[in-house]
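**Q** Mind having a look at this structure? Questions to follow.
The values are calculated or read from the model by the stated rules, or taken from the named source; none is laboratory data. Fair warning: this is a prediction, and the values are worked out from it, not measured in the lab. As a convention, Cβ positions derive from the backbone with ideal geometry for all residues, glycine included, and neighbour counts pool all protein chains shown. Protein only, heavy atoms only, side chains kept; ligands, DNA and RNA dropped before computing areas. Shrake-Rupley method; radii C 1.70, N 1.55, O 1.52, S 1.80 Å.
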Amino acid sequence: MSADYLAALPAATQEEIKQAAKIIAEGGLVAFPTETVYGLGANALDAYAVSGIYIAKGRPSDNPIIVHVSSVPMAEFVGEVNWMARYLMEKFWPGPLSLVIPSNPVVPETTRGGLATVGVRMPDNPIALALIETADTPIAAPSANKSGRPSPTDAETVRRDLGKNVDMVLDGGPTLVGLESTVLDVTGEHPVLLRPGGVSKEEIEKTLDMEVLLASDANSLKRSPGTRYRHYAPKVPLVLLDKGQHAFFCNSINKKWAWMGISEPPCAPEQKIIFRNLEEYARELFRAMRALESSGVEMIVAETPEEKGLGFALKDRLIRASGV
Ligand code: TXA
Ligand code: MG
């Protein structure tokens, strides 16, 4: 029936996953790696367990939680999979694409944040898939950070952020994508992009051969509740810098500043983090922000990424972090 993701893992990891699955079955909370960021998981069908996630994160209770599945049939169990959803699942799952579909009644309102829809995704990570399969239930999981902090991309950051609020942390090393999944609403005639992420708008349009609307274009009728809340902003101001502003910036800056970007900085900063390419910029963004905000600089200056592919999602997170 299933792919037996557990059997493919080393014996020690299998033991940990069995223990984690037991915690999930008993209504506890387990943090686990996905290809995007670490998630804080609970049994998606158990309202009481899911309420523990809201409490541990300090998350507003009307912000729905993505339900993680290990197969398309499991997605069909939690919601109505129409042709658009099916097409996208076949093309992009397992992968960083969450699909908002009409919810089935088995999913408690607590998981859906009171909405009639549910966000589902099949993560591309062997530990995550083995955990869902072994627990034998869909797992609701937001990013495993305190509300208002950046999403964690390694197990150590989860432990530091959530501490005793989580029963177990499965360590799968640093995550590969580093930014959260794309969230796409496929309940209407046209798909609506609620959050840019690891799968780009262009890739989705090509697969469906139809236009993807932006939540802002769709008259804000279909906003993702999560986008209403204040997002992570570092403890020191973060500004985005375009090439055209370099001369002005270098002539007027009188603060200790740090640079992060793919190019070398336009003038000498106190600290700098240079990424090899767009993928590395995305993968390391949250870690770099956490490192620079506590390095003693007064300002973080981020190179504006090119708006193509993953660059669109990267710029979205940088703009949120800059607080504009
Ligand atoms: O990559 C990811 O998506 C990570 C990993 C752990 O899978 N999860 C994640 O979850 O980023 P979270 O809760 O931090 O962000 C989920 C976003 C929120 O903005 C939420 O409002 C939106 O997805 N969302 C979830 N279900 C929804 C629904 N039914 N309708 C509209 N938006 C929804
Ligand atoms: Mg989050």
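**Q** Just name the residue that is farthest from T153 (Cα to Cα) out of those in region 170-200 that are among the charged types (D, E, K, R) and in contact (Cβ under 8 Å) with a residue 12 or more places away in the chain.
**A** The extreme case among them is D185.
**Q** Test of understanding: among N63, N82, which residue is open to solvent by 30 Å² or more (accessible area, probe 1.4 Å) and within 16 Å of ligand 1 (Cβ to nearest atom)?
**A** N82
**Q** Related question: For region 39-118, which fully contained helices (runs of 4 or more DSSP H) count at least 2 residues that are free of Cβ contacts under 8 Å to residues at least 60 places away in the same chain?
**A** 47-57, 72-78, 83-92
**Q** Search region 161-192 for residues being of a type in the set (D, E) and modelled with pLDDT under 95, and hand back the single one that is nearest to ligand 2 (Cβ to nearest atom).
**A** Taking region 161-192 first, the residues of a type in the set (D, E) are 161, 167, 171, 180, 185, 189.
Filter once more, so that each one left must be modelled with pLDDT under 95: 161, 189.
Working: D161: 12, E189: 29 Å.
Ranking the candidates gives D161 first.
**Q** Regarding region 153-166, can at least one residue be identified that is touching a residue at least 24 places away in the same chain (Cβ under 8 Å), within 11 Å of ligand 1 (Cβ to nearest atom) and either in a loop (DSSP other than H, G, I, E, B) or hydroxyl-bearing (S, T, Y) (or both)?
**A** Yes; the residues of region 153-166 include at least one that is touching a residue at least 24 places away in the same chain (Cβ under 8 Å), within 11 Å of ligand 1 (Cβ to nearest atom) and either in a loop (DSSP other than H, G, I, E, B) or hydroxyl-bearing (S, T, Y) (or both).
**Q** Moving on. Residues T110, T36: which one is closer than 25 Å to D154 by Cα and among the polar types (S, T, N, Q)?
**A** Working: T110 fails: closer than 25 Å to D154 by Cα.
Result: T36 is the single residue among T110, T36 that is closer than 25 Å to D154 by Cα and among the polar types (S, T, N, Q).
**Q** Now for a different question. Among the residues of region 144-160, what is the count of those that are open to solvent by less than 30 Å² (accessible area, probe 1.4 Å) and within 14 Å of ligand 2 (Cβ to nearest atom)?
**A** 8
**Q** Related question: Filter region 119-143 down to the residues that are assigned to a loop (DSSP other than H, G, I, E, B) and touching a Ser or Thr at 6+ places or on another chain (Cβ under 6 Å), then identify the one that is least open to solvent (accessible area, probe 1.4 Å).
**A** P123
**Q** If you scan region 109-118, which residues turn out to be surrounded by fewer than 23 Cβ atoms within 10 Å (Cβ to Cβ) and in contact with a Gly (Cβ under 8 Å, 6 or more places away or on another chain)?
**A** Once the filter is applied, which keeps residues that are surrounded by fewer than 23 Cβ atoms within 10 Å (Cβ to Cβ) and in contact with a Gly (Cβ under 8 Å, 6 or more places away or on another chain), region 109-118 yields only T117.
**Q** Something else about it: Out of everything in region 263-287 that is open to solvent by 60 Å² or more (accessible area, probe 1.4 Å), closer than 15 Å to G311 by Cβ and not polar (S, T, N, Q), what residue ends up being farthest from the chain's Cα centre (by Cα)?
**A** R276
**Q** Can you tell me which of K308, K315 is surrounded by fewer than 15 Cβ atoms within 10 Å (Cβ to Cβ) and out of contact with any Leu (no Cβ under 7 Å at 6 or more places or on another chain)?
**A** Only one candidate qualifies: K308.
**Q** Is it the case that region 189-200 has a residue that's under 13 Å from F32 (Cβ atoms), away from ligand 1 (no atom under 12 Å from the Cβ) and part of a loop (DSSP other than H, G, I, E, B)?
**A** No, every residue in region 189-200 fails to be under 13 Å from F32 (Cβ atoms), away from ligand 1 (no atom under 12 Å from the Cβ) and part of a loop (DSSP other than H, G, I, E, B).
**Q** What residue, among those in region 108-134 that are in contact with a Lys or Arg (Cβ under 9 Å, 6 or more places away or on another chain) and within 12 Å of ligand 1 (Cβ to nearest atom), is farthest from T175 (Cα to Cα)?
**A** If we take residues in region 108-134 being in contact with a Lys or Arg (Cβ under 9 Å, 6 or more places away or on another chain) and within 12 Å of ligand 1 (Cβ to nearest atom), then V118 is farthest from T175 (Cα to Cα).
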